[in-house]
Every structure is written in C-alpha cells, then in structure tokens.
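Since the structure comes first, as structure tokens, the remarks are kept for the end.
The numbers here are math on the coordinates, done by the rules we state, and not lab data. Remember, predicted model here, so these are calculated numbers, not experimental data. Here Cβ is always computed from backbone atoms with ideal geometry, including for glycine, and neighbour counts include all displayed protein chains.
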Amino acid sequence: MFKFADTRRMTPEKRAAAIDEARRLMQDADRVLIGAGAGLSTAAGIDYGGERFRDNFPAFIKRYGMTDMYSAGFYPFTTEEDRWAYWAHHATVNCLGADATSLYRELYEWARTRDYFVITTNADMQFEKAGFAKDRIFATQGDYAHIQCVTGEHGIRSDAEEFAAIERDTGSGARTRITDAGLVPTCDVCGRPMSMHLRIDGSFVQTEDWYTAEERYRDFISHIPEKPTLLLELGVGWNTPVWIRMPFERIAKVTDSPLIRMNYDSAGIDGSIKNSVSVDGDMAEALPLAIGEKQTEGEASHD
C-alpha cells in the first residue's frame, strides 16, 4: 500500500547536513537525470501568485477577481476575445517575454559538463532558455510557446507572432479583451477555436516531437544500470506525481541510484530508499549551496 512521505519540517541543523550531502553527491556525479516541477520555477522567481501576479495582471484582477495565474488558467471566459487576451498575456509574462532566470542558469552551469537529461512538467521553457539542449529535454505537459486545435486533431503551431499581435492590441494586458476579432487564433484546418498546448484534458496533442523526447528519456533511463546516475528531483509535489516523483522513487529502488529531492514542502522520501537526501524549504537558497556556489552557515563559521 502506498504511503505518503513525512512532510514535517527539517530542523536547521538537519537541513544544513542534507545540503552538504547533496553537494557531495552532485560533485561526484558524472551523469544526472533531472526531474523538475513547478516548485523549481517558483523558487527561481516565476511565481504564479502574490506581488508578481498583482503587478502583471491588474486589469484582469479588477474585472474577474482573479487571485493567481494557476486558477486563472481555468477561468470560464465567455468570449474568445476575452480568453485569448488573457492567455497571450499569461504566455508572454511566463515564457515568451521572459529570459532564463539565474537559478536555472546556475543549474545549467553545473549540468553542462555532465551527461544529463531533463524531464519536466513545467511549461515555461526555462531549461531551454538557460542553455539545456532541446534534445535532452522531455516537457511532458506542453509549453506556452504553442497552441493546438481545441479538438486535438490537427497538430500544434507556434503562437509567438499571434500573441505578440494580441499583446499590441490589448496594450500588453492593460485591456482584458481583444478589440480586433481577427486576431483570435483559429485552426488552419477546421476553422475551430484553438487552445493552449497544455495537458489540461484528454485533447492534449502528443506530437511526433513529444514521442521522440519520450523515447530519448526512456533510452537515458535504460542505461542507468551500467552508467551510475544521480536522480535530482527539484520542486515536484503531488499535483502530477506520476510523471516524476513516483517514477524517480521506483528507479532509485530498482537501480540503487542516489536520489536528491528538493522541494519547499513534501520533500520526504520513502524510508525504504536508503541512498537518498531530502531538502525542504527555499530552493533558491538550497540549490546554489548544493551546487557549491555558496557555503552553508556551518562551513562559514569555521573559516
């Protein structure tokens, strides 16, 4: 029977010791499988709520009473002009108009000298922006840079130019409705409305590129028994654990690979996985320490 891991907070002393052990494992690793969820992007500054949301979406908050970008993604807009005014701005703020964050860049600087592969449920394309090779990334849930036919039958297309035009029309989100109805994205094949290429329901389009990335991911995993590999899990909670959290634990058990799990909370690891390290709390602090860019307080005090 599956049991949820202990979610109690670590003491500062245990957390510092865990970060030191994570650093040792990361320094020794020649090969790494990185699994990343929303918690990593949140730690990197791509927060879907709070001040960042209020600063970027004041008109939408005023009109709809929205409280954060995650729940806003499920808002029942009554017109396509309203819906795409929101999504063009959402995609621009979180992906199309955003640079790589410093935390992702630090992670890349550590990973680039190693044999790595990334599986992520994030749609913000931060890994690619930071320098990670596209053919070493499996983005399971889609991304903000593409849209698809709402039926899921006619493939996907890039949305950058369309969203840039919508942003100009709405004053970069200053207005909550597209004034030019001709800017509303429609399918080139059937003329029906488009939707974001995000895994929200069964209509999500798994393209040829998606299956190729999945095959590369499975191939990388298949070589773990003969190629010692560190499992580095960052910011993965219980929203979609079937993609990363649960598979990483199974891989760790079967191959005896070391597993590092960092997450703000729910960082606990099944006690039967012996070669593992869990680190809770602020990953923006913990990950650079584990990479080796900084020292823990305990180390600094001995200098």
| query | Along the charge dipole of the stretch 12-296, which of Pro193, Gly173, Val32 sits closest to the positive end, that is, farthest toward it, with unit charges on the beta carbon of Lys, Arg, Asp and Glu (+1, +1, -1, -1)? | reply | Val32
| field | Under Karplus coefficients 6.51, -1.76 and 1.60, residue-wise ³J(HN,Hα) of the stretch 124-131 in Hz, glycine/proline x | value | 8, 6, 5, 4, 5, 5, 7, x
| task | Quick one: angle between helix 80-91 and the longest Cα principal axis of the chain, in degrees between 0 and 90, rounded to 10, please. | result | 30 degrees
| Where the centre of each part is set by its Cα atoms, how far does the stretch 66-87 sit from the stretch 94-126, in angstrom? | 27 Å
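Report for the chain the percent antiparallel among DSSP-assigned beta bridges with both residues inside it, nearest 5. Working shown, then result.
Numbers: 8 of 30 bridges.
Given both bridge residues lie in the chain, the antiparallel proportion sits at roughly 25 percent.
Which trypsin sites (Lys or Arg not before Pro) from the stretch 173-263 combine a DSSP loop assignment with at most 15 other Cβ atoms within 10 Å?
On the way: sites: Arg175, Arg177, Arg199, Arg216, Arg218, Arg245, Arg250, Lys253, Arg261; in loops: Arg175, Arg177, Arg199.
Taking the stretch 173-263 and a limit of 15 other Cβ atoms within 10 Å, the loop trypsin sites (Lys or Arg not before Pro) found are Arg175.
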| remark: Computed over the chain, the relative contact order (Cα-Cα under 8 Å, seq sep at least six) in percent reads 27 percent
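Mind putting a number on the dipole of the stretch 12-296 about its Cα centre? Charges go on the C-beta only, +1 for Lys and Arg and -1 for Asp and Glu, and I need it in Debye to the nearest 20. Intermediate results must be reported in sequence, preceding the final value.
Working: 31 positive and 44 negative charges, 81 e Å.
Using only the charged Cβ atoms, the result is roughly 380 debye.
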| Charge dipole (the stretch 12-296, unit charges on Cβ, about Cα centre) - positive-most of Met125, Leu232, Thr78 | Leu232
| field | ³J(HN,Hα) computed for each position of the stretch 206-211 - Karplus, 6.51 cos²θ - 1.76 cosθ + 1.60, integer Hz, glycine/proline x | value | 8, 6, 4, 5, 4, 5
| request: Would you mind finding the longest exposed-site-free stretch of the chain, with exposed GluC sites (Glu not before Pro) meaning DSSP loop and at most 12 other Cβ atoms within 10 Å? | output: 1-225
| Going by alpha carbons, how many degrees (0 to 90, nearest 10) lie between the helix axis of 12-28 and the longest principal axis of the chain? | 90 degrees
| If amide H atoms are built 1.01 Å from N in the plane of the peptide, which residues on other chains or at least 5 residues away come under 5 Å of the amide H of Leu230? | Arg31, Val32, Leu33
| Taking the Cα atoms only, what angle lies between the long axis of helix 160-170 and the longest principal axis of the chain, rounded to 10 degrees? | 60 degrees
| task | Could you work out the per residue convex hull volume over the alpha carbons of the stretch 13-145, in cubic angstrom? | result | 125 Å³
| request: Per residue of the stretch 59-66, in order, report the coupling 6.51 cos²θ - 1.76 cosθ + 1.60 (Karplus, θ = phi - 60°) as ³J(HN,Hα) in whole Hz, putting x for Gly and Pro. | output: 5, 6, 5, 5, 6, 10, x, 5
| For the charge dipole of the stretch 12-296, defined by +1 on Lys and Arg C-beta atoms and -1 on Asp and Glu C-beta atoms about the Cα centroid, which residue among Ile147, Ala22, Phe163 has the Cα displaced farthest towards the positive pole? | Ala22
| remark: Spelling it out for Val279: with amide H atoms placed in the peptide plane at 1.01 Å from N, the residues 5 or more places away or on another chain with amide H under 5 Å from its amide H are Arg261, Met262, Asn263
| note | Sorted by chain and then number, the residues having a modelled amide H within less than 5 Å of the amide H of Ile137, at least 5 places away or on another chain, are Val118
| said: Lysine pairs in the stretch 12-296 with Cα distance under 19 Å, only those 8 or more apart or on different chains: how many are there? | reply: 4
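Cut-off is 10 Å between beta-carbons; in what order do Ser71, Ser266 appear when sorted fewest neighbours first? Mind dumping the intermediate values first?
Working: Ser71 11, Ser266 18.
Neighbour counts put them in this order, fewest first: Ser71, Ser266.
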| request: Counting only chymotrypsin sites (Phe, Trp or Tyr not before Pro) that are in a DSSP loop and have at most 10 other C-beta atoms within 10 Å, tell me the longest site-free stretch of the chain. | output: 75-303
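Taking square-rooted eigenvalues a ≥ b ≥ c of the alpha carbon gyration tensor, is the stretch 12-296 rounded, prolate or oblate, where a/c under 1.5 means rounded and, failing that, a/b exceeding b/c means prolate? Each step should come with its number before you reach the end.
Numbers: a/c = 2.36, a/b = 1.69, b/c = 1.39.
Prolate shape, in that a/c is at least 1.5 and a/b is the bigger ratio.
Rounded to the nearest 20 Debye, what is the dipole magnitude of the stretch 141-245 about its Cα centre when Lys and Arg each give +1 and Asp and Glu each give -1 at the C-beta?
320 debye
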| query | For the chain, what is the calculated [θ] at 222 nm in deg cm²/dmol (nearest 500), taking -39500 (n - 2.57) for each run of four or more DSSP H residues and dividing by its residue count? | reply | -11000 deg cm²/dmol
